[in-house]
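Comments concern the structure below.
The values are calculated or read from the model by the stated rules, or taken from the named source; none is laboratory data. Computed from a predicted structure; not experimentally measured. Because the Cβ atoms are built from the backbone with ideal geometry, glycine has one as well, and the counts that use them run over all protein chains shown.
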């Protein structure tokens, strides 16, 4: 690996995803051992002309020689194209750059609901702005993927549970947003969109775990196995819901209501 020296990337230390990929840059030698700095620890009065508000949303890469700064997808492309110069024409393509920028924003603006830290928001931290468009795009994305996977998995539970249709699973998943969201809107309106984001991350994570079982259908033909596996995944989702509710400082009873909704849905299906 060629090391990009004299550059420092400013990362959100409260974001596990940010910590992971910036640490990877150091471990692989893409950046030198002094090539990253915590957002809350970096010297804000450095000669680099950093837009610190923008740096909360788009990770900043500082050139320590001339003080210039790149943000977001441009900072990541700078590191990658230094390693692999053949990528430079691709990164220079406007369409590719636009698509990568949208993907970056999709992840960055939602990073606190994808993998939350131990505390959701603190003062003077690298908490991104709330972008309603990207948040709802993320919620809808999780809704679609989760529903599609559940349609396939429901066929493994027949005859215990009737096989699902696209309409049924989309309705159940969407109903959860309305059911839980309406309660949060009543008790803590300002946390509504953050809670729904976390709720759909849990749903997506559960669906992805179920998709692992879908890969085993050619070798495992046991209804009991898939039923037990489904219940284990639901249990994991429940405990993760408890954890995230605590992080958001929301009432514990939301987790009980989360269970009640699923029981009601099961009774209706059966």
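Given the range 20-118, what helices (runs of 4 or more DSSP H) lie entirely inside it while holding 3 or more residues that are within 21 Å of the chain's Cα centre (by Cα)?
Numbers: elements: 52-57, 72-83, 88-92, 94-108, 111-114.
The helices (runs of 4 or more DSSP H) meeting that bar are 52-57, 72-83, 94-108, 111-114.
Being touching a residue at least 24 places away in the same chain (Cβ under 8 Å) and crowded, with 16+ Cβ neighbours inside 10 Å is a property that does not hold for residue 69.
Results for (1) within 28 Å of residue 130 (Cβ to Cβ); (2) over 22 Å from the mean Cα position of the chain (by Cα); (3) in contact (Cβ under 8 Å) with a residue 40 or more places away in the chain; (4) in the same structural domain as residue 168 (by TED's automatic domain parsing), shown as yes or no for each residue.
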residue	(1), (2), (3), (4)
197	yes, no, yes, yes
204	yes, no, yes, yes
216	no, yes, no, yes
234	no, no, no, yes
246	yes, no, no, yes
258	yes, no, yes, yes
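Could you check, for the range 196-205, whether at least one of its residues is surrounded by 13 or more Cβ atoms within 10 Å (Cβ to Cβ) and outside any helix (DSSP H, G or I)? No; the residues of the range 196-205 include none that is surrounded by 13 or more Cβ atoms within 10 Å (Cβ to Cβ) and outside any helix (DSSP H, G or I). The single condition among (1) part of a helix (DSSP H, G or I); (2) touching a helix residue (DSSP H, G or I) at 6+ places or on another chain (Cβ under 9 Å); (3) under 30 Å from residue 54 (Cβ atoms) that residue 211 does not satisfy is (3). For residue 16, the criteria (1) within 30 Å of residue 142 (Cα to Cα); (2) surrounded by fewer than 19 Cβ atoms within 10 Å (Cβ to Cβ); (3) without any contact (Cβ under 8 Å) to a residue 60 or more places away in the chain hold in every case but one, which is (3). Based on this model, can you work out whether residue 195 counts as out of contact with any strand residue (DSSP E or B) (no Cβ under 9 Å at 6 or more places or on another chain) and modelled with pLDDT under 95? The answer is no for residue 195. Residue 167: surrounded by 13 or more Cβ atoms within 10 Å (Cβ to Cβ), without any contact (Cβ under 8 Å) to a residue 60 or more places away in the chain, assigned to a helix (DSSP H, G or I) and in the same structural domain as residue 249 (by TED's automatic domain parsing), yes or no? Against the criterion (surrounded by 13 or more Cβ atoms within 10 Å (Cβ to Cβ), without any contact (Cβ under 8 Å) to a residue 60 or more places away in the chain, assigned to a helix (DSSP H, G or I) and in the same structural domain as residue 249 (by TED's automatic domain parsing)), residue 167 does not qualify.
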